Amino acid sequence: KTEKVQERLADIASKGFSPSALTSYIRNPIDFYYQKILKVNEFNEVEETVAFNTLGTIVHDTLQHLYEPYVNSVLTKEILTTIKTKVALEVAKQFSENFKGGDISKGKNLIIYEVAKRYVENLIAHDNTEVEEGNTLKILHIESDLTFKLDIPELDFPVSIHGKVDRVDWYNG
């Protein structure tokens, strides 16, 4: 590796490698090199059909907005029923924010919209089952940024990993 590449790797390492960056390196080191080392990104085309990453963003953002008011609260059947009534509206709102100008009224996009709703409803149903079974479920954090420093004696620069944790729960103590 050239000195410039090593400097760039040290810079990334000190800020922290994200799970997606590590996955990119494992799957395709050349893509990692272009995107993270050279900072060359692909041209973003206008989406006609909802892309997988957009669907993921929509689901994550929907769950964050639905559950955020209940951080540090023990989930109850009533809370989960309230959350469930807001799913369709929140998913539609997130589609409008993340799939700008896209039509979700028909075709593949309508199917993807229904899939997003189902993902969210399934998580709520899972939480509801936990509560019905007598488990105590308290949300401590939603979409929290975490960083962890790794001690690698063979390197003369700091290495960190970082990422966003979807949700941290307190479960039965």
Exercise for the section: Return the pairs, sorted by first residue and then second, in which the second residue is open to solvent by less than 50 Å² (accessible area, probe 1.4 Å), the first residue lies in segment 13-28 and is under 19 Å from Lys164 (Cβ atoms), the beta carbons are less than 6 Å apart, and the residues are 6+ apart or on different chains. Expected result: Ala13/Val159; Gly16/Ser160; Ser18/Gly163; Pro19/Gly163; Ser24/Phe32; Tyr25/Phe32
Exercise for the section: Check segment 93-107 and report whether any residue there is within 28 Å of Glu130 (Cα to Cα) and either aliphatic (A, V, I, L, M) or open to solvent by less than 30 Å² (accessible area, probe 1.4 Å) (or both). Expected result: yes
Exercise for the section: Can you confirm whether segment 29-50 contains a residue that is at pLDDT below 85, surrounded by 15 or more Cβ atoms within 10 Å (Cβ to Cβ) and under 28 Å from His126 (Cβ atoms)? Expected result: yes
Fill in the blank from the handout: Within segment 63-78, the residues that are of a type outside the set (Ser, Thr, Tyr) and open to solvent by 30 Å² or more (accessible area, probe 1.4 Å) are Leu63, Gln64, His65, Glu68, Pro69, Val71, Asn72, Val74, Lys77, Glu78
Exercise for the section: Inspect all residues belonging to segment 76-89 and state whether any of them is over 18 Å from the mean Cα position of the chain (by Cα), farther than 30 Å from Lys15 by Cβ, modelled with pLDDT of 95 or more and not in a helix (DSSP H, G or I). Expected result: yes
Handout entry: Total residues in segment 124-165, condition among the β-branched types (Val, Ile, Thr) and part of a strand (DSSP E or B)
Key = 6
Problem - Filtered residue count, segment 140-163, keeping only those that are closer than 27 Å to Thr85 by Cβ and open to solvent by 50 Å² or more (accessible area, probe 1.4 Å) - result: 2
Problem - Top-ranked residue in segment 103-129 [being touching a residue at least 40 places away in the same chain (Cβ under 8 Å) and among the charged types (D, E, K, R); ranked as farthest from Lys84 (Cα to Cα)] - result: Lys108
Completion exercise
If you go through Leu55, Leu89, the only one that is loosely packed, with under 13 Cβ neighbours inside 10 Å, of a type in the set (A, V, I, L, M, F, W, C) and either under 30 Å from Tyr171 (Cβ atoms) or touching a Leu at 6+ places or on another chain (Cβ under 8 Å) (or both) is Leu89
Exercise for the section: Determine whether Leu137 is among the hydrophobic types (A, V, I, L, M, F, W, C), surrounded by 13 or more Cβ atoms within 10 Å (Cβ to Cβ) and in contact (Cβ under 8 Å) with a residue 60 or more places away in the chain. Expected result: yes
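The values are calculated or read from the model by the stated rules, or taken from the named source; none is laboratory data. Note that the structure is predicted; figures quoted are calculated from it, not measured. Methodologically, a virtual Cβ is constructed for each residue, glycine included, from the backbone with ideal geometry; neighbour enumeration extends over all protein chains shown. Accessible surface is based on the protein model in full, side chains and every heavy atom, while ligands, DNA and RNA are left aside. Shrake-Rupley method; radii C 1.70, N 1.55, O 1.52, S 1.80 Å.
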